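Down below is the structure, laid out as structure tokens.
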Amino acid sequence: MDKAGPKIHYTGYAPGAIGLITACHAAYYNEAWGLDLSFEIQVAADLAEFMSRFDPSLDFLELAWAGDVLAGSIAVDGSQPENEGARLRWFIVAPPFRKQGIGGTLLQEAVDFSKAAGHDPVFLWTFHGLDEARSLYEQAGFRLSREHEVFQWGQNILEQRFDLQSTD
């Protein structure tokens, strides 16, 4: 292994991914933002439900690996295009792997998949304060479309929706 760490490689689903993605989210958001157990439960339940009906023509999951360690993830849930559109979800890069281009690669792969699948619009929900992620979203063409305060996951948060601006 060189000083930069192990080479990053990307895959789709791998056994254990639901647990690893959930653990990555739960650990980071609890430590950095104080989100409670209800956040971990929601991630696990929603991700398990998504994977139980995963359709590769509509849905996308990409994992970034540093050796056998999960470095990041992203998904596109395309199950309800006739309603609100495709939803970008479970986007995270574990803190030890940030600033290596992983987030940009994951996000671009998800956007490329969404365009190829004909998803329009594509949106995501996040919350105020996640500035590094917001910068990536905006570079990829997402724009803030609405926000509102809500109490969830044991915190008052300013929830934000971003929509990918169509390039057609």
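The values are calculated or read from the model by the stated rules, or taken from the named source; none is laboratory data. In this text the structure is predicted, and so the values were computed from the model without any measurement. Backbone-built Cβ (ideal geometry, glycine too); neighbour counts: all protein chains shown. All accessible areas refer to the heavy atoms of the entire protein, side chains included, with ligands and DNA or RNA removed. Shrake-Rupley method; radii C 1.70, N 1.55, O 1.52, S 1.80 Å.
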Output the number of residues of the range 19-36 satisfying the condition of being surrounded by fewer than 17 Cβ atoms within 10 Å (Cβ to Cβ) and either under 18 Å from P95 (Cα atoms) or modelled with pLDDT of 95 or more (or both).
-> 9
For the range 150-168, how many residues meet the condition of being modelled with pLDDT of 85 or more and either farther than 17 Å from K115 by Cα or over 17 Å from the mean Cα position of the chain (by Cα) (or both)?
-> 3
How about the range 134-146: which of its residues are open to solvent by less than 90 Å² (accessible area, probe 1.4 Å) and farther than 22 Å from E40 by Cα?
-> S135, L136, Y137, E138, A140, G141, F142, L144, S145
What number of residues in the range 46-60 are open to solvent by less than 50 Å² (accessible area, probe 1.4 Å), over 16 Å from A23 (Cβ atoms) and not acidic (D, E)?
-> 2
Unique match (being modelled with pLDDT of 90 or more and in contact with a Gly (Cβ under 8 Å, 6 or more places away or on another chain)) among A133, A110, A71, A117 | A117
